[in-house]
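Report on one structure; see the data block that follows.
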Amino acid sequence: QKEVEQDPGPLSVPEGAIVSLNCTYSNSAFQYFMWYRQYSRKGPELLMYTYSSGNKEDGRFTAQVDKSSKYISLFIRDSQPSDSATYLCAMIRRDSGSRLTFGEGTQLTVNP
Amino acid sequence: SQTIHQWPATLVQPVGSPLSLECTVEGTSNPNLYWYRQAAGRGLQLLFYSVGIGQISSEVPQNLSASRPQDRQFILSSKKLLLSDSGFYLCAWDTFTGNTIYFGEGSWLTVV
């Protein structure tokens, strides 16, 4: 079983829709949680970073962490065609320094 | 601000030929450096990481090697490429206190 599970999609939504992206994890030692956005043929860029349970909002993006249930989510409001990308969740264990464990990534397409 | 440069961006190499990908980080000292590989449609696989000059840790046995000749320079090499070495190679960095990492733009390698 993978430590981090993420539905690879693809996910296709109309412009303006609310998008929900999710990851589950099995190791309760994961402490820091990140979402990366990766456009085609580009390196991943850090989108959101959080370390506590609850919600963190940044513009149209909200990162949610539920440590008791071991899942994290990324919500995108008023989705735009420019949001079309692959979204990767990532997390770090307390005992692993800065070596991230990534999900497989979810491919999102927002249709105009 | 910190920046990371990675080159070449794209290369096509014949089987059995050598490889050298280079990565440099600017604007920080003593970063942790990483090489990841991303196969088509798959997640990120950590290949090597380095916490200092000459200090290289390998995560997965590979036909590849890494070197860190200078504090902010990280090189990925191979003496003889295999078809299975094709993929998207990403250099990344963080500081020793960092809880997340930042990626370069990546290098697309096609072995033919």
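Between A:Gly43, A:Gly103, the distinction of being in contact with a Cys (Cβ under 9 Å, 6 or more places away or on another chain), within 28 Å of B:Tyr49 (Cβ to Cβ), without any contact (Cβ under 8 Å) to a residue 24 or more places away in the chain and at the interface with chain B (Cβ under 10 Å from one of its Cβ atoms) belongs to A:Gly43 only.
A count restricted to the range A:1-15 and to residues that are open to solvent by less than 60 Å² (accessible area, probe 1.4 Å) and part of a strand (DSSP E or B) stands at 4. Do we find that A:Phe30 is open to solvent by less than 50 Å² (accessible area, probe 1.4 Å), closer than 23 Å to B:Val51 by Cα and within 11 Å of chain B (Cβ to nearest Cβ) in this structure? When the stated conditions are applied, A:Phe30 does not pass them.
Only one entry in B:Thr100, B:Thr28, B:Thr10 is modelled with pLDDT under 95 and within 11 Å of chain A (Cβ to nearest Cβ), namely B:Thr100. Checking B:Gln62, B:Gln45 one by one, the residue that is more than 8 Å from every other protein chain (Cβ to nearest Cβ), open to solvent by 50 Å² or more (accessible area, probe 1.4 Å) and part of a loop (DSSP other than H, G, I, E, B) is B:Gln62 and no other.
In the range A:16-112, which strands (runs of 3 or more DSSP E) lie fully inside it and hold 1 or more residues that are closer than 24 Å to B:Leu46 by Cβ? Because the criterion is at least 1 residues that are closer than 24 Å to B:Leu46 by Cβ, the strands (runs of 3 or more DSSP E) in the range A:16-112 that meet it are A:19-25, A:30-38, A:45-50, A:61-66, A:71-76, A:85-93, A:106-111. Just one residue in the set A:Arg60, A:Arg37 is at pLDDT 95 or above and within 14 Å of chain B (Cβ to nearest Cβ); that residue is A:Arg37.
The values are calculated or read from the model by the stated rules, or taken from the named source; none is laboratory data. Only a predicted model underlies this, so the values are computations on that prediction, with no experimental measurement involved. In this analysis, Cβ positions are derived from the backbone assuming ideal geometry, glycine residues included, and neighbour counts consider all displayed protein chains. Accessible surface is based on the protein model in full, side chains and every heavy atom, while ligands, DNA and RNA are left aside. Shrake-Rupley method; radii C 1.70, N 1.55, O 1.52, S 1.80 Å.
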